[in-house]
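Working notes for the structure below.
Only the coordinates and a few stated rules stand behind these numbers; no lab work does. A quick note: this is a predicted structure, and the numbers were derived from the prediction, not measured. Cβ placement follows ideal geometry from the backbone for every residue including glycine, while neighbour counts extend to all protein chains displayed.
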Amino acid sequence: MHCTVLIALVASVLAGPIDFESDFKHNVDLGRLQKDLASLEERLTNTPEVEAEISLLKEAYGKTVIESPTPINGSTCKDEDINEINEKAGEEKDLFEGDVLLTTEQLSLIENIHSSNRSRRQALSDAGYSWGTVNPVIPYSYSAGYVARDRRPTIEAAMKFWEKYTCVRFKPATSGYRVEIRESAGCSSYVGKINDRKGTQGLNLGQNCMSIGTICHELSHTFGFFHVQSRFDRDRYVDIDFNNILSGDKHNFDLEPAEKTTLRDIPYEFGSNMHYYHKDFARDESKPAIYAKPAYKVYQEGMMGRLPTFYDILGVNKHFNCAANCKTSISCSNGGIQDVNNCRKCLCPLGWAGDKCTQRPTGTKTIAATATMQTMRSNFDKSTKGIEYKTQYYLFQAPAGMKVQMTPKVLGTRWSNSCDPMGIEIKFLRDARPSGLQVCDWRVQQPTITSETNEMLVQAYTLGDQSVVEMQYKAVN
């Protein structure tokens, strides 16, 4: 069963369809949109070589599924992700890439992409306007129909997240061009700024969208960002099983042409807040639509991050040229970068702290790994649910010259595709910048992970529900 409360059901019923009419002269012909997206699907197929690889990956995935999973307290509670919310709301077919609104101008340009060698990213940029660079200010307001004031703290906490780590600023406004937050059964946004004169552009946030990570994702679209799996280099990292994608949804996996896309030197990241979950749009939800290639199989269950990652943040800072705030540069350790809001300090990847990123987070517990297999549990008791995470860091250390090997096992009690309500994140690479492996699903056998150095860092977290993860670990050569 899914975690659903009566108020969410009522809000979904009352919200109705997406309010396209409110966007001044920008509402798109939905019939035309659906016809055009269907035509894109005809060319999305795999080579025989890729199909053979998918067959092997599918067989391997089947061996990880636990036949009769049992959470610690008997709960079978799941929180839905953006694409699931929009699909249940009946809005997904009216959206591009699952949660993106289009203007008429953008649709016209997309129709001509392949004949004109224009990429989707460039097409939408050509039809849009800029929020500005270096400390851009995005005005926003709530629509008259957005009466649920209890949602505002979560929405504004997501705005504050982006303000804390980037040079973007949000400003309440009652007039002039602005982003208007609207009631909806689902979650969706336009990509970038769609007008530069008057009126509003919609940011649709229904009751089921109320998590900081979900709202940060939609705000990323508002900034001008697309989903990670649309990148031209995607096929180096994942295989798409088009045979297991719902009819009418294949277009969500279209690629950008390499010659027309700027990646801003941001690597492909499975745990990005802008990556699809591996079963999004799957026809058979017991099997993935996205398979991590063999070299990256450890990330199979770790696609779609609960919050913007270090690289997501860096991408936004590059997009808006936020580094221009700092007239002189400083040196940062462990992959850190200069903080664009305080140029005397560094912004650190997850697992590092301090002005120069030379310290571990306050309260980190150090655990010695030896050649003998040991077991420990991370346990958060149930507490009052909030919008901010309760966290605990564990630093597993093997003797010099050895590595840490770990097999995590989730014991409950709640999960979501993005691991939003609870779980752990395991940082095992030498490079601290990429996101770690997120683990939260007790229905599958989690992979055994080996660190690249003699250290492995684990962040355990919860929004308030009981969270128990068992970790078996030892030192290996």
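Below are the figures for this structure:
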| quantity | calculated |
| --- | --- |
| Relative contact order, percent, the range 357-477 [alpha-carbon distance under 8 Å, six or more residues apart] | 43 percent |
| Cα-based shape type of the range 345-460, given that a ≥ b ≥ c are square roots of the gyration tensor eigenvalues and the cut on a/c is 1.5 | oblate |
| The range 336-375 shape via C-alpha gyration tensor axes, a/c threshold 1.5 | prolate |
| Amide proton proximity set for Q438, modelled H, under 5 Å, gap of 5+ | I426 |
| Among 367-378, 393-404, 186-197, the order from most to least packed when residues are scored by Cβ within 10 Å on average | 186-197, 393-404, 367-378 |
| Stretchable slack from E163 to D431, in nm (0.36 nm times residue separation minus alpha-carbon distance) | 93.9 nm |
| Relative contact order %, the range 196-355, counting alpha carbon pairs below 8 Å whose residues are six or more apart | 20 percent |
| Separation of alpha-carbon centers, the range 128-152 and the range 162-198, rounded to whole Å | 3 Å |
| FRET efficiency estimate (nearest 0.05) - Cβ-Cβ, T133 to T328, R0 25 angstrom | 0.80 |
| Under 20 Å from K409, Cα to Cα: aspartates and glutamates that are on another chain or at least 8 residues apart | E67, D79, E301, D381, D420, E425, D441, E455, D465, E470 |
| Interchain or long-range residues, amide H under 5 Å from K193's placed H | Y129, W131 |
